[in-house]
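Structure first, then comments.
The values are calculated or read from the model by the stated rules, or taken from the named source; none is laboratory data. If you're wondering where the values come from, they're calculated on a predicted model, not measured in any experiment. Cβ sites come from the backbone with ideal geometry, for glycine too, and all protein chains shown count toward neighbours.
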Amino acid sequence: DATRKQASALEGEILKRMEETEKLEADLSVGAPDIERKRGEVDLLLVTLDKERDEAGKLFDSLNQRRRQLSGQLPISLFSTYDRMSRTRRGQALAQVRNGICTACRMKVRPKVFSDVRKGDQMVTCESCGRILYYRPENSQSAEAVLQD
């Protein structure tokens with residue numbers, strides 16, 4: 001009797017599990033087209049991202065080549081100072097002086113230093129952050145426009 005009761009309980013459990021399996025298979029068949037559509041969207045997105053990565057790599061390589069060309073035109077001492085500063089300042093070796101203020105550290109530059117930067121005949125560094133200062137008049141071209149030429 002005990003074995004029969006246990007077998008009956010197990011058969012009932014098997015029937016429950018079979019009903020759950022049928023319900024899950026029905027849900028799966030309903031969701032399958034949506035899953036396939038999402039998979040297609042993800043595949044398309046991956047292809048697009050791969051293209052963007054390749055284009056960014058090409059742009060990066062061309063900019064590095066342009067950097068090597070331009071660095072060859074500079075005196076070695078100037079470029080080594082720039083390169084050292086770039087490494088220590090996480091890629092930001094230059095800072096623009098705008099209205100007498102260093103745009104990197106937001107500190108006011110002494111009038112004499114500002115005058116030297118505006119002349120542009122020597123390399124001047126910020127007394128506060130150490131970055132190489134430059135001055136660009138308000139009506140001058142942007143760096144992007146210069147690069148495109």
task: Kindly establish whether residue 50 is loosely packed, with under 10 Cβ neighbours inside 10 Å and in a helix (DSSP H, G or I).
output: no
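Can you pull out every residue in region 83-98 that is in a loop (DSSP other than H, G, I, E, B) and without any contact (Cβ under 8 Å) to a residue 24 or more places away in the chain?
First, pick out the residues of region 83-98 that are in a loop (DSSP other than H, G, I, E, B): 89-93.
Matches in region 83-98: 90, 91.
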- request: Give me a count of the residues in region 1-34 that are surrounded by 10 or more Cβ atoms within 10 Å (Cβ to Cβ) and β-branched (Val, Ile, Thr).
  value: 2
query: Is it the case that some residue within region 66-86 is closer than 30 Å to residue 128 by Cα, of a type outside the set (D, E, K, R), modelled with pLDDT under 95 and touching a Ser or Thr at 6+ places or on another chain (Cβ under 7 Å)?
result: yes
